[in-house]
Amino acid sequence: MDSTPKIDIHCHILPDWDDGPDTLEQSLAMCERAVQSGLETVVATPHIGREFRGRECDSPGISQAVAQLQNELAARQIPLQIVPGGEILMGTVDLFARLPADKALSYAHKGKFALIESPFAAWPDFGMQIVNLLQNKGITPILAHPERYIDVQKDPKTLEKEVLQGALLQITAGALTGEMGRANRNCALQLLKNGWVSFISSDAHNTSHALPADCVNEVKKLLGERAAHTIFVENPRKMLEGARVFPVSADTNDDEDDEAPNEAPRGFLRRLFGK
Ligand SMILES: [Fe+2]
């Protein structure tokens, strides 16, 4: 089973936009590195609701910036597709109020999934409110890098309500490789063991951050071949298609091959309903 990641769903790859690359050349270097790792698609997820380079980052202009980078890639025959997205700062409720009409705030502009991050070093008290607000609008929230939040590191169950409510977790490749410190790594491993993680992506801002391909083997060892394939290959593809996505549990002996493609994995239902 080839689990080489083809889609990176969280990356700051647009030049001169947020705290990602300063120049087009730096951005292209990130793109070339992504291709070398086996990636075919990178979602540009610039920060939205935060200030960088003397301006408040917002959704207008992201499509154009993505198209410009795509043109530069075509001119250099670099085989990488850039898809628009954004990483929305929680707390800026007016941003969420604009969804789903402002599709530029959502993944691939489909109004189905939105990537959100906490404004603090911790998971905020109002986190569940934001999850509910998005779900009431038909949007599945994807929580960016939960392993970096101090209260989640202390007790991963901090996010249990959100996960059971249907929020999806995206952990960062660099947390698993250890480049972000022991606390991040331990928390990421625990979230994976809990069967709560749906995605692993780079959150790269330059060419030094770990890529999803760097931690495929570790996830295979931890959860099994099938689970790794779901996290690295199937879930990112389904998400960009706007299909349903579930958290991924470790492979079990009662093989899930006979399940319908969009059925919730048994492990997830078992945790939800005790079956
Ligand atoms: Fe990010």
Per q in 0.12, 0.14, 0.17 1/Å, what log10 I(q)/I(0) does a Debye calculation on the alpha-carbon atoms of the range 7-273 return?
-> -0.68, -0.94, -1.43
Mind ranking 114-120, 75-81 by how tightly packed they are, going by the mean number of other C-beta atoms within 10 angstrom, highest first?
-> 114-120, 75-81
Zero-based 5 Å bins, Cα pair distances in the range 16-157, whole percents | 2, 9, 18, 20, 18, 15, 11, 5, 1, 0
Neighbours of Ser37 by Cβ distance under 13 Å: Lys/Arg at +1, Asp/Glu at -1, summed charge -2
Provide the net charge surrounding Thr177, with neighbours chosen by a C-beta distance below 11 Å and charges set as Lys +1, Arg +1, Asp -1, Glu -1.
-> -2
Residues of type lysines that Lys238 reaches as a straight line, Cα spacing below 25 Å, ignoring anything fewer than 8 places off in the same chain = Lys6, Lys103, Lys110, Lys112, Lys137, Lys161, Lys193, Lys220, Lys221
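Each value in this text was obtained by applying a stated rule to the coordinates, not by laboratory testing. Keep in mind it's a predicted model, so treat the numbers as computed, not measured. Cβ atoms come from the backbone with ideal geometry, glycine included; neighbour counts cover every protein chain shown.
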